[in-house]
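No value in this document is a laboratory result; all are computed from the given coordinates. What you see is a predicted model, and the numbers here were worked out from it, not measured in a lab. When we count neighbours, we look across all protein chains shown, and the Cβ atoms used for this are built from the backbone with ideal geometry, even at glycine.
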Amino acid sequence: MDDSAPIVVGFDGSDFSQEALRKGLWLASKVGAPVRVVRAWTISNAPRPTTWAPGYVPPVEDFADAVLAQVKNQTARGLAEYPDVDVTFAVPHGAAGRELLKASEDARVIVVGTRGLGGFSGLLLGSVSDQVVEHAHCDVLVTRRPSGDQAPGRTLKLDQAIEGS
């Protein structure tokens, strides 16, 4: 294993990914590894860029910039607890499972939460974490939240529509 290989943390802003970030940073601080925070996105789950206007769809780069700004904001508190860990960010445009598998190719270990923002309530292991466990090119650490509630209600509008909320 390459000692300079990063610990990759899958991050989508959920409580589960916040826990994965915390444990990934802790592990990196113990072994002296850098961390790469990966937030895969699609147009449907990216924040609206500042260049957006009615009738105008901004270029993909504007969406990527908005995702990167959002991730940096959402991770700032966790990163402040580990100021000596070298952290980089990657915001690839694509499906989360596929992009995390690509990120695992040069990783020391990949850290993901049991669930994320998408998916259906009641699942104990989300489809992305399941994909990573089954197909990653490196070791995988799947983190659980400190509380016993591993399957809270989802927050994406699609899930609310399906559940009738």
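A few remarks follow.
- Order of Phe16, Phe11, Phe63 - criterion: other Cβ atoms within 10 Å of each residue's Cβ, fewest first: Phe63, Phe16, Phe11
- Projected label points at Glu61 and Leu141, each 7 Å from Cα along the beta carbon direction, are separated by 3.6 nanometres.
- Backbone N under 13 Å from the Ala5 label point (7 Å along Cα→Cβ), restricted to the range 29-62: 34
- Taking other Cβ atoms within 10 Å as a rough exposure proxy, Arg77, Arg22 sort from fewest to most as Arg77, Arg22.
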